[in-house]
Amino acid sequence: MNQHKQLLLKAQCAVEENKDLVRQHARKRQWYHFMPECGWMNDPNGLIYYKGKYHLFYQFYPYGPYWSAMHWGHAVSDDLLSWKHLPVALAPSEPYDDCQKGGVFSGSAVEGEDGRLYLFYTGTIVNEDKVTKSQCLAVSDDGIHFVKYEGNPVVAPTAFVESDPKVWRRGNRWYMIVGGEEDHKGRAILYASQDLKTWERFGTILESDGTLGAMWECPDLFTVDGRDVLVIGPMHLGERKCTYLTGNMDYKKRAFTPFSIGEVDCGFDYYAPQSFEDPKGRRIQFAWANAWDWMPWWKGFGTTAQEGWCGAMSIPREVRVQGDLLRFLPVEELRSLRKNYRDYGPLHLYEWSRMEIEAGDGVHCEILAVLSLQETAAERLIFQVRCADGVQGGNNRCTKLIFDLREGRLTVDRNGADDWSTGRKSCKLRLLSQESLLIHIFMDTVSVELFTDDYTTAFSTNIYPEEACTELYVRAEGGGASFLSFETWGMRRVCR
């Protein structure tokens, strides 16, 4: 048994020893957001539909609920919601990736012409604060057991800090994009190959003009609805952390020309999104539902680590194009989780009135409302979620989703959510329609995901209130508010 197999077995043994304890004692596990069985999880990796299954790989540390030497966890699904955990796919084991402060960093997956599954990742070594990154390959015949390519790394370390390879096929050639930096400016770098093993560096297709961060992480380049899209994670760019640029990718000139710019998600907890095309022709996107310490609102990773696990994925979203904007729609499969339907609409709220909302158990639920802008005089509409008056400790709990209709802004205030979360963050509302505003909210045990502006604006946040915080309200300020429709559901549990 080689060293990689030995380390995979060791990692899987750690999972088997701890996963039942997490299931038995954890109280903050999500109901329908993917999580590791135990330990730490961050970026989604290797998203692909392969041999009749959706495959999700992810950054994973199996030995504790904190970041350390990165492995790749692995799970499969038939419906993007119910996931079967498979053995750990990759472990740090070689001179180019075996490092406690590094390891098997993020990457992607493709099915080769030979029908095998190819995983690409960044092998990372940190010695005395010097970071060495190279692009590496592992291959599988069955989609479960992976062997690292003996010719690794397939892209040797360069003078630039390059990482997070995303690989795809176009015509008769394979392409790879990696994120990097030079002179404290982020950049996206393109490579090409005929056989997935020998790669030619084509150079930078786009770089920051000084306004898009000092380093670009987790790049994703794809075409949807006839429009080329580049998604990047720019570091040290204040509150902007998941940026997309629509434009044109010229493969002959090896350059990406941007037409417009936007945010994938403007919330507190959404990072490193990765996408893939599924058999239905949909562009499906997942992201890590958390944040790093270099983001200005960061206050740690929440309280789930006390239960032996940390990290979850966002709900899967379908990416579409509307003009120069991207739309992010919760996948239609989520409707299968609905239960306990309630129809409130049409509905009118009088000025300064507050209505209690019934939606499942008030924790694991979905709210879908359409506000009439023509019949609404209110200056502000406020959804108050996960509320409870006088919970243990004497605190009044509440997270506020504030729609300022006069200023055209969405603000999420989680300062009163719990004893952990802090922050009040805003983004611009486009108000694309002059007639109505869609508001779509998904809530799970420790998360809230909000979609509005015809799904061109998304806001994700984690909160950690007590179990008693189950009350939901909506109120109007500065005038009345009229809803064309207002529906709620509870949500079934599919994760443990």
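The values are calculated or read from the model by the stated rules, or taken from the named source; none is laboratory data. All values derive from a computational prediction rather than experimental measurement. So basically every Cβ, Gly included, is an ideal-geometry build from the backbone, and we count neighbours across all protein chains shown.
Does region 152-167 contain at least one residue that is in contact with a Pro (Cβ under 8 Å, 6 or more places away or on another chain) and under 24 Å from residue 279 (Cα atoms)?
The answer is yes; a qualifying residue exists.
Which pairs turn up if I take residues in region 352-363 that are touching a residue at least 40 places away in the same chain (Cβ under 8 Å) and on the phi > 0 side of the Ramachandran plot and look for partners that are in a loop (DSSP other than H, G, I, E, B) and among the hydrophobic types (A, V, I, L, M, F, W, C) with beta carbon separation below 9 Å, at least 6 apart in sequence or on another chain?
362/469
I'd like to know if region 77-99 contains one or more residues that are assigned by TED's automatic domain parsing to the domain that holds residue 168, crowded, with 19+ Cβ neighbours inside 10 Å and among the basic types (Lys, Arg).
no
Which of the residues spanning region 121-137 are surrounded by fewer than 23 Cβ atoms within 10 Å (Cβ to Cβ) and in a strand (DSSP E or B)?
Matches in region 121-137: 125, 126, 127, 130, 131, 132, 134.
Do you know which residues across region 270-300 are over 27 Å from residue 78 (Cβ atoms) and among the acidic types (Asp, Glu)?
293
For the condition without any contact (Cβ under 8 Å) to a residue 40 or more places away in the chain and small (Gly, Ala, Ser), what is the one hit in 109, 69?
Exactly one of 109, 69 is without any contact (Cβ under 8 Å) to a residue 40 or more places away in the chain and small (Gly, Ala, Ser), namely 69.
A quick yes/no check of all residues on (1) surrounded by 21 or more Cβ atoms within 10 Å (Cβ to Cβ); (2) in a loop (DSSP other than H, G, I, E, B):
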| position | (1), (2) |
| --- | --- |
| 248 | no, no |
| 262 | no, no |
| 269 | yes, yes |
| 274 | yes, no |
| 286 | yes, no |
| 293 | no, yes |
| 320 | no, no |
| 335 | no, no |
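Could you please find all residues in region 472-483 being surrounded by fewer than 17 Cβ atoms within 10 Å (Cβ to Cβ) and closer than 23 Å to residue 445 by Cα?
Correct list: 473 only.
So is residue 104 surrounded by fewer than 19 Cβ atoms within 10 Å (Cβ to Cβ) and either in a loop (DSSP other than H, G, I, E, B) or of a type in the set (A, V, I, L, M) (or both) or not?
Answer is no for this residue.
Any residue that is crowded, with 20+ Cβ neighbours inside 10 Å and assigned to a loop (DSSP other than H, G, I, E, B) - is there at least one of those in region 213-231?
The answer is yes, given that some residue of region 213-231 is crowded, with 20+ Cβ neighbours inside 10 Å and assigned to a loop (DSSP other than H, G, I, E, B).
Condition first: in a strand (DSSP E or B) and of a type in the set (Asp, Glu). Now tell me which residues in region 349-367 satisfy that.
Result: 356, 366.
Among the residues of region 194-224, which ones are under 25 Å from residue 285 (Cβ atoms) and of a type in the set (Gly, Ala, Ser)?
Result: 208, 213, 214.
Could you tell me which numbered condition residue 195 fails, if it satisfies all but one of (1) at pLDDT 95 or above; (2) surrounded by 13 or more Cβ atoms within 10 Å (Cβ to Cβ); (3) under 30 Å from residue 75 (Cβ atoms); (4) out of contact with any Lys or Arg (no Cβ under 6 Å at 6 or more places or on another chain)?
(2)
Mind checking whether some residue in region 187-197 is among the β-branched types (Val, Ile, Thr) and assigned to a loop (DSSP other than H, G, I, E, B)?
Looking through region 187-197, none of the residues is among the β-branched types (Val, Ile, Thr) and assigned to a loop (DSSP other than H, G, I, E, B).
Just to be sure, is residue 67 in the same structural domain as residue 151 (by TED's automatic domain parsing), buried (at least 21 other Cβ atoms within 10 Å of the Cβ), at pLDDT 95 or above and not basic (Lys, Arg)?
In short, no.
Is there a residue being touching a helix residue (DSSP H, G or I) at 6+ places or on another chain (Cβ under 7 Å) and either under 21 Å from residue 82 (Cα atoms) or touching a residue at least 60 places away in the same chain (Cβ under 8 Å) (or both) anywhere in region 296-307?
Yes - at least one qualifying residue is present in region 296-307.
Which is within 25 Å of residue 87 (Cβ to Cβ), free of Cβ contacts under 8 Å to residues at least 40 places away in the same chain and touching an Asp or Glu at 6+ places or on another chain (Cβ under 7 Å), of 123, 115?
When all the criteria are applied, what remains is 123.
Suppose we keep only residues that are part of a strand (DSSP E or B) and without any contact (Cβ under 8 Å) to a residue 60 or more places away in the chain within region 140-163. Which one would you say is nearest to the chain's Cα centre (by Cα)?
163
From the residues in region 213-246 that are over 14 Å from residue 188 (Cα atoms) and of a type in the set (Gly, Ala, Ser), which one is modelled with the highest pLDDT?
My answer is 226.
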